[in-house]
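Let me begin by presenting the structure, written as structure tokens, before commenting on it.
FYI, it's all coordinate maths here, none of it is from the lab. Just so it is clear, the model here is predicted, and its values are computed rather than measured. FYI the Cβ positions are ideal-geometry reconstructions off the backbone, even for glycines, and counts take in every protein chain you see.
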């Protein structure tokens, strides 16, 4: 589809979006049918984008995705099974049940008790709920090693959709919900995405939308800095996104606590940069935007989903290509799994909440025109989850150096590989006072083990002092996981000892008292790599 067609579509919408002044206060006006069309475009963009990129998800890690991408409108039906959609619809259902002003614990509860599987920051937030660690503590770096991960970034769309031209309102909602599972950069990712949508209601120029959305996050944050880098790279390489991608990778590619030591990167800010690359280099063309944000790699179903949703808000549903519209309409009343929502009912509900938020902020809603009070963006205070913390090394539980076991620990074996051979996965113990000690030099450590349905409790000591008791039971949504079962950061540089002592106790739901250990990940404090680009630019 030629870019000019989309410019024409956007121009038609612009004519319906007018500015006016009343009682010395500035308002922007939008017709009710245009607002609904834009909300529908946002939800449709999410559905289309996530199915376009789904087959490529994490297939390209630290490289661009260069295989063919096969997608057809009928694939949009696959969005019914995508966590990018159903998790945030759980939050919409929480609003329906408890109201928009309900405390974050209520949102966390409904999310934790949902029947679907979760991963990374979301999974830790669910585990924290059942361990009585509630929001906002559940997303903090002390209790969630995934604090900077992408989770909230892919679930904040509904907030932006219901805040047309209201970035301050969007930030307020996002700052509450995002702390269920994230902190710092992870929260900023959700705020930035919500702000993109909020700004896209009354602006069609993509670079301006991005610059305005940046005003909703702290300028000191790495998230702000990486998006600024993408903008500069686009200016220097206006027609070569791969050259821009490589420079971005050189500077930011290994900054990820969660994926320490491996090219897997689920960090919010790097994936957020790929959203922006798709938007800038896509130049308003839906398919080009999808392809570039997908080929950037890493979490490459989420990123095109966010990027196309921005175009969906700019153009409206009616401004998307007809074959995309037809693909969404074909499943318009089908329910997304684990929810009471379909595309059509999600649009209707989002419109309702948008009307409420507009009126609450001093705007007006009538059958003929909606007046939205203009808001200045407002960024939250800067916070840093893991200041200057970088990966050092990984110590296997089966290595002799750096660890010692006492008591009745034994190897835990599982069947693995094409030949289905038994391999050692972890060391396991279940008796009171069985213990393992790791000696290391650094400023942080994560003990990696298994959350299983027979998981038990343990005490963890740092340099002889009890730090925290942990519970390794997990069988929610029938998931079993190899995961960080405990971590600590911001230690003084130097030599340290961490001792885990099995308590021989369990929660009622658990079928055992076992504690599994697979490895320890060691971190150190060092200034993050700050590669300069091959060209100079003015700040």
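Between residue 480 and residue 348, take the C-beta separation as r, use R0 = 35 Å, and let me know the FRET efficiency to the nearest 0.05. Spell out each step's value before the answer.
Details: r = 38 Å, r/R0 = 1.10.
Efficiency for this residue pair is about 0.35.
Taking the highest mean first, how do the peptides 208-216, 374-382 order by number of other beta carbon atoms within 10 angstrom per residue?
Details: 208-216: 20.6, 374-382: 14.4.
So the order, starting with the most tightly packed, is 208-216, 374-382.
Peptides 452-460, 361-369 ordered by packing proxy, namely the average of other Cβ atoms within 10 Å per residue, highest first: 452-460, 361-369.
Ordered by the number of other Cβ atoms lying within 10 Å of each residue's own Cβ, fewest first, 296, 163, 258 fall into the sequence 258, 163, 296.
Take peptides 320-326, 199-205 and line them up by average Cβ neighbours within 10 Å, highest first, as a rough protection proxy. Please list the in-between numbers first.
Values: 320-326: 16.7, 199-205: 22.1.
Descending packing order for the listed peptides: 199-205, 320-326.
In this calculation the C-beta distance from residue 361 to residue 137 is compared with R0 = 35 Å, giving a FRET efficiency of 0.75. Between residue 432 and residue 113, the modelled label-to-label distance comes to 3.4 nm, taking each label 7 Å out from Cα in the direction of the beta carbon. Can you tell me the orientation of helix 3-16 relative to the chain, as the angle in degrees between its alpha-carbon axis and the longest Cα principal axis, to the nearest 10? Roughly 70 degrees between the two axes. A compact globular protein would have a Cα radius of gyration near 2.2 N^0.38 Å; the ratio found for the range 389-525 is 1.04. Per residue, the average separation of C-alpha pairs within less than 8 Å and at least 6 apart gives the range 323-482 a relative contact order of 11 percent.
Which of the three applies to the range 3-373, rounded, prolate or oblate, going by the alpha-carbon gyration tensor with a ≥ b ≥ c and a/c under 1.5 meaning rounded? Rounded.
Here the calculated FRET efficiency for residue 535 and residue 422, from their Cβ-Cβ distance with R0 = 45 Å, stands at 0.25, rounded to the nearest 0.05. Summary of the geometry: the range 391-425 and the range 478-520, compared by the centres of their Cα atoms, lie 15 Å apart.
If contacts are Cα pairs under 8 angstrom and at least 6 residues apart, what is the relative contact order of the range 389-525 in percent?
37 percent
Extending 7 Å from the Cα toward the beta-carbon at both residue 410 and residue 462 defines two label points whose distance is 3.4 nm.
I need to check one value: relative contact order of the range 3-373, counting alpha carbon pairs closer than 8 Å and at least 6 residues apart, in percent.
Details: 720 pairs, mean separation 109.1, N = 371.
Relative contact order comes out at 29 percent.
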